[in-house]
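Have a look at the structure below before the remarks.
Bear in mind these aren't lab numbers, they're just calculated from the coordinates by the rules spelled out. These numbers come from a predicted model, not from an experiment. Here the Cβ is made from the backbone with ideal geometry for all residues, glycine too, and neighbour counts use every protein chain on show.
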Amino acid sequence: MRRMLIATGLAVLAAMPLAACHPKDEAGRSLLQIGGPFNLIDQDGKPVSEKSLLGKPTAIFFGFTYCPEVCPTTMADLTSWLKTLGPDADKLNVVFVSVDPERDTPRQLKTYLSNFDPRIRGFTGTPAAVAKAAKEYRIYYQKVPQDGGGYTIDHSSAIYLFDAKGQFVGPIGYQSPADRAVAQLRDLIKS
């Protein structure tokens, strides 16, 4: 738990400069290179890539279904924010990418995501494919052994926002106030 809190704190600190002062072009788009090519599968076992997300703005979060706190909290927040957006939420891709492909099979993702807004899609893949996607999106994650032979995973906790062309816009920090997060999603939809 202590390691997860430290990793969450580091992820929040790492995201703060992005939210507060990351470089933007004259149209307000981020100049940071976050995101890129990936080849994963969704919760139905169908192949997906970064091209699958083009055409609609995207909110993407990397986590794992056995996460005790950060992931279910973030997914509940996303569900609430999508409800607040109403029909405008249909204009977004919302994606949960697993950093635990050993346990998070498509079937496990489907079961986990059934607890949240049905518009949230789950992606997983081979360990190598997940590692490549995480690297492209600058996501930190690390398996942490636990007593008894199990493990948990420390991981980044921000939700990353991308415009319809796949360009990084900015993050929503972990446990961001709902009004701020919904405003960010509304702005994303308008972009």
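Below, the figures for the structure above:
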item: Cα-based reach from Lys91 at 15 Å (exclusive), listing aspartates and glutamates while leaving out same-chain residues under 8 positions away; result: Asp117, Asp163, Asp187
item: Cα-based Rg of the stretch 96-191 normalised by 2.2 N^0.38 Å, two decimals; result: 1.21
item: Kirkwood-based Rg to Rh ratio, the stretch 23-134, C-alpha trace; result: 0.97
item: Difference of contour (0.36 nm per residue) and Cα-Cα distance, Asp44 to Thr73; result: 8.1 nm
item: Set of the stretch 53-86 residues, backbone N closer than 13 Å to the point 7 Å along the Cα-Cβ line of Val144; result: 67-71
item: Exposure proxy order (Cβ contacts within 10 Å, fewest to most) of Val182, Val169, Val99; result: Val182, Val169, Val99
item: Label-point gap, in nm, between Tyr66 and Ser191 - each point 7 angstrom along Cα→Cβ; result: 3.4 nm
item: Stretch gain in nm, segment Arg103-Tyr151, where the contour uses 0.36 nm per residue and the Cα spacing is subtracted; result: 16.2 nm
item: Antiparallel DSSP beta bridges within the stretch 65-191, percent to nearest 5; result: 70 percent
